[in-house]
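Step one of this worksheet: look at the structure below.
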Amino acid sequence: MVPADDADAQAAGAVALAAWRVLRCRDGGRADIRLGGDGKPRFIEVNPLAGIRPGYSDLCFIADFQKVSYQQLIGKFLDSFLARHAQSA
């Protein structure tokens, strides 16, 4: 995996977050973005039910690459859910 430079990563992140919000996804998942021939990020797909098997699933590989442990990743999902459903806590 080759890391994107900061400008490309921020632009891709903005496209991914916009797609995530438009599609009303929640808690955690994966948005796939590719740079077009013009260097601009293009939305490919979103997977709101991305696999979370450590050492196997893309979402876990991405988290590892960002120095986010599996426990932290799951905690982020739970924090997001509980923020929307405080009565469930």
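Taking every protein chain into account, the accessible area of the chain amounts to 73 square angstrom per residue (probe 1.4 Å). In order along segment 22-36, the Karplus-derived 3J(HN,Hα) couplings, from 6.51 cos²θ - 1.76 cosθ + 1.60 at θ = phi - 60°, round to 4, 7, 6, 6, 9, 6, x, x, 9, 10, 9, 10, 10, 7, x Hz, and Gly and Pro are given as x. Mind checking which of D64, D79, D38 has the largest fluctuation in a GNM of the chain, springs on alpha carbons under 10 Å? Of the options given, D38 has the highest mean-square fluctuation.
Surface composition of the chain: carbon plus sulfur atoms contribute 57% of the solvent-accessible area (1.4 Å probe, protein chains only, all chains present). In the chain, the calculated helix contribution to ellipticity at 222 nm averages -14500 deg cm²/dmol per residue, counting -39,500 (n - 2.57) for every DSSP H run with n ≥ 4. Backbone geometry of segment 3-20 corresponds, through the Karplus equation with coefficients 6.51, -1.76 and 1.60 at θ = phi - 60°, to 3J(HN,Hα) couplings of x, 6, 5, 4, 5, 5, 5, 5, 5, 5, x, 5, 5, 4, 5, 4, 4, 4 Hz, x marking Gly and Pro.
The values are calculated or read from the model by the stated rules, or taken from the named source; none is laboratory data. Quantities reported herein were computed from a predicted structural model and do not represent experimental measurements. Side chains included, ligands, DNA and RNA excluded: accessible areas come from the protein's heavy atoms. Shrake-Rupley method; radii C 1.70, N 1.55, O 1.52, S 1.80 Å.
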